[in-house]
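Data block below; observations after.
All of the numbers you see were taken from the coordinates with simple rules; none came from a lab. Everything numeric in this text was worked out from a predicted model, so none of it was measured. Using ideal geometry, Cβ is built from the backbone for each residue, glycine included, and neighbour counts are taken over all protein chains shown.
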Amino acid sequence: MVTEGVPVGMITRAAMIDNFAQPYRAELYGRKPCRLLMDRDALIVDHAITLPALSRLVSEGSPSYLAGGLIVTANPEMDFIGHIGGDDFILVLRRSDWRACCIDALARFDHEVRRFFSPDDIERGGHIAENRKGVPEFQSLVCLSIGAVAVGGDASGSSQANSPLAISRLASVAKKQAKAIPGSALMLLVAESDHIRDPCEQPVQQ
């Protein structure tokens with residue numbers, strides 16, 4: 001949650017589900033402010049923090065940092081980065097060059113990840129590793145998938161297409177479609193006025 005442009009806490013999906021799964025919680029909290037379920041001790045860091053410094057904060061801080069995730073702040077007037085869970089993150093951009101930023105992130109990721117693989121792995125596009133069942137199989141190189149939702153027109157949420165729920169659903173669809181594209185890719189869905197434009201698949205050009 002953000003107050004006057006400053007993040008003050010975070011509501012995790014697990015905490016909300018656990019709360020509302022208990023008897024009478026929906027009746028008690030259904031109409032109350034969501035801040036009542038907010039973790040006010042959430043880890044909040046600047047986007048420029050180094051990985052060693054972040055690792056130290058997580059290891060020396062509250063156990064909830066590992067389970068609850070963290071909030072990464074960037075330009076408060078333009079951007080917001082949040083951790084959903086696992087390897088999923090959410091990024092809110094209010095800048096005109098957001099598409100170029102995504103394309104640049106994909107290209108930089110593909111460039112940097114190459115140093116973790118051998119020349120042979122890179123040439124064949126993957127490596128042999130054990131799957132979750134312990135069976136060796138071919139694994140593609142690690143890639144970055146971006147499912148993007150462009151909100152057009154009135155972004156206040158007054159129109160059905162631009163409501164938080166509609167945008168959330170579109171984001172989920174975009175992420176799923178992006179992950180279905182081989183290699184790093186950007187999948188764009190557009191929420192515009194009261195209709196949704198056809199998806200535009202935009203894989204990274206190698």
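Tabulated results
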read-out: Under the Karplus curve 6.51 cos²θ - 1.76 cosθ + 1.60, θ = phi - 60°, whole-Hz ³J(HN,Hα) for segment 39-44, x wherever Gly or Pro sits; value: 8, 7, 9, 4, 6, 10
read-out: Peptide ranges 98-107, 50-59, 140-149 listed from the most packed, as the mean C-beta count within 10 angstrom indicates; value: 140-149, 98-107, 50-59
read-out: Nonlocal amide H pairs with Leu70, under 5 Å, H built at 1.01 Å; value: His83
read-out: Sequence ranges 85-96, 174-185, ranked by mean other-Cβ count within 10 angstrom, highest first; value: 174-185, 85-96
read-out: Cα-projected label distance for Ala74 with Met38, points at 7 Å along beta-carbon direction, nm; value: 2.3 nm
read-out: Spin-label pair His127/Ile90, simplified geometry with 7 Å Cα→Cβ offset, distance in nm; value: 3.4 nm
read-out: Stretch gain in nm, segment Phe116-Ala48, where the contour uses 0.36 nm per residue and the Cα spacing is subtracted; value: 22.2 nm
read-out: Gain in span if fully extended, Asn19 to Ser55, counting 0.36 nm per residue against the direct Cα distance; value: 10.0 nm
